[in-house]
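*Asks:* Take a look at this one; I'll ask things after.
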Amino acid sequence: MTDDGTQPRPSGRRRLAALAAIILFVVVIASTILTIVDRPLQVLVQLILLFVAFFAVWEALTRKGAARVVWVVVAAAAAVGVVVIQIVGGEGFVLSLVVRLVLLIVALFLARYALKRDVRSLKQSETPGRPVPAARRGVLIMNLRSGGGKAEKFHLADECRVRGIEPVVLQRGDDLLQLARDAIDRGADVVGMAGGDGSQALVASIAAERGVPMVVIPAGTRNHFALDVGLDRDDVVGALDAYGEARERAIDLADVNGRIFVNNVSLGLYATIVQSPEYRDAKRETTFAALPEMLGPEAEPFDLRFTTPDGVEHEGAHVIQVSNGPYGTTTGGITSRPRMDTGRLGVFSLVVPDAVAATRAIAALTTATPALYEGYLSWETPVFEVTSGSPIAVGLDGESLEMDPPLVFTSRPSVLRLRLPLKAIGYSPAARATSVKGLLGLWHVVLGRPVRIDA
């Protein structure tokens with residue numbers, strides 16, 4: 001990503017696809033009008049249904065799971081509606097209708113290709129950030145137990161030695177913060193961490209404190225941080241290339257009462273579930289076993305008090321999540337962050353007063369449309385505070401903690417110098433996600449202009 005949030009200029013093939021998509025869209029609309037120009041009401045209804053079909057097909061192409069099934073059904077229903085109107089209206093031009101629908105589908109695929117930010121092309125393009133030379137004395141701290149033993153599986157210590165990187169293995173009882181400080185004191189000009197997001201946050205705090213660039217190696221279980229900074233989570237060894245000639249960019253960190261986090265902090269329901277001893281070995285089973293009790297008829301919101309930007313004071317919530325940078329709002333990008341250099345926290349709260357509301361909330365969340373649930377609030381802010389009458393259970397980057405209130409969350413803008421390999425993806429899924437509003441960027445692609453990535 002460039003400093004202004006744009007991608008590299010689109011290729012000739014993408015520009016041609018964008019132009020073809022625009023032409024086909026115009027042809028479909030014009031032919032529909034010409035086919036039944038003498039019946040304005042029929043034109044209006046048919047255009048509405050065609051738009052619904054177009055929108056639904058687009059959503060189906062860019063979603064997964066249950067959401068995709070829902071949009072396929074909507075698209076099919078809209079298409080059937082167009083056919084019925086055509087037949088009832090006495091037009092009889094079924095062939096014309098079929099041709100228009102085919103052209104519409106082709107236009108959608110072309111538009112998606114023109115706007116798509118696929119992994120392969122991004123790896124082949126220039127990685128965002130400023131060019132930096134190879135590390136003179138790189139150090140990688142690794143947690144051999146993290147991610148089911150990924151560091152050992154990929155022989156990271158041996159790979160480090162081949163590249164002239166000093167491997168430091170985290171032993172039971174070691175202080176990770178001190179290991180990072182010691183590495184820098186020994187002269188490390190680049191320090192890295194191979195482990196989960198909690199470990200990444202600790203090393204990042206020292207790297208930011210000392211002004212030393214950091215390398216992220218996705219050797220944990222989920223590796224959300226690695227995903228959102230634009231690394232390929234499946235290429236553990238390839239991430240070591242960031243110690244060679246690389247790209248560097250400044251990203252934000254966030255903290256709660258001085259404790260750094262790179263992803264998010266959850267309060268309420270999730271934080272309480274994480275504290276269960278069974279959670280680490282059976283996350284899904286433990287979560288579903290706890291939900292009926294926590295969201296049942298007798299369930300009360302957690303004592304979590306906060307104020308939204310509009311000045312309204314809230315006395316309780318079932319879930320509050322604070323993230324280091326707002327999560328995406330576009331289709332396909334709601335679980336990752338488009339950018340991590342906005343200087344803003346992303347905050348959302350969820351209140352589920354009864355079992356019926358819980359069903360609506362779960363439906364909204366699973367279809368990636370949380371804003372449709374009335375008990376969901378979200379906003380961005382550089383500082384956020386939560387208070388309570390007792391210690392608060394906290395899930396910090398997946399780690400279970402308990403902290404005394406008030407909890408003060410703060411964004412630390414651009415404090416971490418992050419190095420990425422030259423062949424890194426460079427963008428999170430949210431930054432790559434194609435949205436309906438992105439269709440307005442088709443003309444920009446035709447003109448060969450870079451597509452701006454909105455935060």
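*Asks:* Do you know which residues across region 148-167 are of a type outside the set (Asp, Glu) and surrounded by fewer than 22 Cβ atoms within 10 Å (Cβ to Cβ)? Reasoning before the result, please.
*Replies:* Our first condition is that a residue be of a type outside the set (Asp, Glu); within region 148-167, this holds for 148-151, 153-157, 160-165, 167.
If the condition is that a residue be of a type outside the set (Asp, Glu) and surrounded by fewer than 22 Cβ atoms within 10 Å (Cβ to Cβ), then Gly148, Gly149, Lys153, Phe154, His155, Ala157, Arg161, Val162, Arg163, Gly164, Pro167 are the ones that fit.
*Asks:* Take region 379-399 and flag every residue that is surrounded by fewer than 19 Cβ atoms within 10 Å (Cβ to Cβ), within 17 Å of Asn264 (Cα to Cα) and either in contact (Cβ under 8 Å) with a residue 40 or more places away in the chain or not assigned by TED's automatic domain parsing to the domain that holds Thr308 (or both).
*Replies:* The answer is Trp379, Glu380, Thr381, Glu385, Glu399.
*Asks:* Inspect region 358-371 for any residue being touching a Leu at 6+ places or on another chain (Cβ under 7 Å) and modelled with pLDDT of 90 or more and give the result as yes or no. Spell out how you get there, then give the answer.
*Replies:* Pass one, region 358-371, residues touching a Leu at 6+ places or on another chain (Cβ under 7 Å): 358, 361, 364.
Then keep just the ones that are modelled with pLDDT of 90 or more; that gives none.
The answer is no, given that none of the residues of region 358-371 is touching a Leu at 6+ places or on another chain (Cβ under 7 Å) and modelled with pLDDT of 90 or more.
*Asks:* Restricting attention to region 384-431, report how many residues are in a strand (DSSP E or B), under 23 Å from Pro301 (Cβ atoms) and of a type outside the set (Gly, Ala, Ser).
*Replies:* The first filter runs over region 384-431 and keeps only residues in a strand (DSSP E or B), leaving 384-387, 392-396, 399-403, 407-421.
Restricting the remaining residues to those that are under 23 Å from Pro301 (Cβ atoms) gives 384-387, 392-396, 400-403, 407-409.
Now restrict to residues that are of a type outside the set (Gly, Ala, Ser): 384-387, 392, 394, 396, 401-403, 407-409.
Total satisfying the criteria: 13.
*Asks:* Then there is this: Look through Asp189, Asp185, Asp197 and report the one residue that is surrounded by 22 or more Cβ atoms within 10 Å (Cβ to Cβ) and either assigned by TED's automatic domain parsing to the domain that holds Ala246 or not charged (D, E, K, R) (or both). Lay out the reasoning, then the answer.
*Replies:* Working: Asp189 fails: surrounded by 22 or more Cβ atoms within 10 Å (Cβ to Cβ); Asp185 fails: surrounded by 22 or more Cβ atoms within 10 Å (Cβ to Cβ).
Going through Asp189, Asp185, Asp197 in turn, just one is surrounded by 22 or more Cβ atoms within 10 Å (Cβ to Cβ) and either assigned by TED's automatic domain parsing to the domain that holds Ala246 or not charged (D, E, K, R) (or both): Asp197.
*Asks:* Being in contact (Cβ under 8 Å) with a residue 40 or more places away in the chain and over 24 Å from Gly211 (Cβ atoms) is the filter here, so list the residues in region 405-425 that pass it. So that I can check it myself, show each step before the final result.
*Replies:* Here is the first cut: in region 405-425, the ones in contact (Cβ under 8 Å) with a residue 40 or more places away in the chain are 407-425.
Residues satisfying the conditions are Leu407, Val408, Lys423, Ile425.
*Asks:* Of all residues in region 303-347, which are closer than 19 Å to Pro406 by Cβ, in a strand (DSSP E or B) and not hydroxyl-bearing (Ser, Thr, Tyr)?
*Replies:* If the condition is that a residue be closer than 19 Å to Pro406 by Cβ, in a strand (DSSP E or B) and not hydroxyl-bearing (Ser, Thr, Tyr), then Arg305, Phe306, Glu313, His314, Ala317, Val319, Ile320, Gln321, Val322, Leu345, Val347 are the ones that fit.
*Asks:* Related question: So Gly129 ticks every box in (1) at pLDDT 75 or above; (2) at negative phi but one. Which box is left unticked?
*Replies:* It fails just one condition, (2).
Here is a yes/no grid of residues against (1) of a type in the set (Val, Ile, Thr); (2) in contact with a strand residue (DSSP E or B) (Cβ under 7 Å, 6 or more places away or on another chain); (3) touching a residue at least 60 places away in the same chain (Cβ under 8 Å); (4) more than 21 Å from Ala134 (Cβ to Cβ):
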{"residue": "Gly198", "(1), (2), (3), (4)": "no, yes, yes, yes"}
{"residue": "Arg210", "(1), (2), (3), (4)": "no, no, no, no"}
{"residue": "Asp228", "(1), (2), (3), (4)": "no, no, yes, yes"}
{"residue": "Arg233", "(1), (2), (3), (4)": "no, yes, no, yes"}
{"residue": "Gly238", "(1), (2), (3), (4)": "no, yes, yes, no"}
{"residue": "Ala242", "(1), (2), (3), (4)": "no, yes, yes, no"}
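*Asks:* Follow-up question, since we're still on this one. Among the listed residues Ala455, Ala430, Ala393, which satisfies the condition of being of a type in the set (A, V, I, L, M) and at pLDDT 80 or above?
*Replies:* Working: Ala455 fails: at pLDDT 80 or above; Ala430 fails: at pLDDT 80 or above.
The conditions single out Ala393.
The values are calculated or read from the model by the stated rules, or taken from the named source; none is laboratory data. Computed from a prediction, not measured in an experiment: that's the story for all the values here. No Cβ is skipped: glycine too gets one built from the backbone with ideal geometry, and neighbour counts run over all protein chains shown.
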